[in-house]
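Throughout, read-outs are computed from the coordinates displayed, never taken from laboratory work. Not measured: the values here are computed from a predicted model.
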Amino acid sequence: MAKKDPITHTLIPKHKKLSEKDKKALLEKYKITEKELPSIHKSDPALRGTDMEVGTVIKIERDSLTAGNTVYYRCVVE
């Protein structure tokens, strides 16, 4: 049985790295700091094979039959 890349698996939602400009706009919009965002560990299987560094903010988009498209933000930690 072949091993699948978790990023392309159907159950793993889309993970996108925010640019510094978008990160700053997000933090200003909600008047929060990186530490106040929910975290995702750098070793999370969904981040495998990416160049996510500690402090990077990730936009996660999930499709739902009931809620439509939902967006979550996470900050990468050790």
List the residues whose amide H sits under 5 Å from the amide H of THR56, counting only those 5 or more places along or on another chain, with H placed 1.01 Å from N in the peptide plane. VAL76
Kirkwood-type radius of the chain, with distances r between different C-alpha atoms, in Å: 13.5 Å
The chain - mean residue ellipticity at 222 nm from DSSP helices (-39,500 (n - 2.57) per run, n ≥ 4, rounded to 500): -4500 deg cm²/dmol
Could you tell me the relative contact order of the chain? Use alpha-carbon pairs under 8 Å, at least six residues apart, and round to a whole percent. 36 percent
On a 0 to 90° scale, report how tilted helix 20-30 is relative to the longest principal axis of the chain, with both axes built from alpha carbons and the result rounded to the nearest 10. 70 degrees
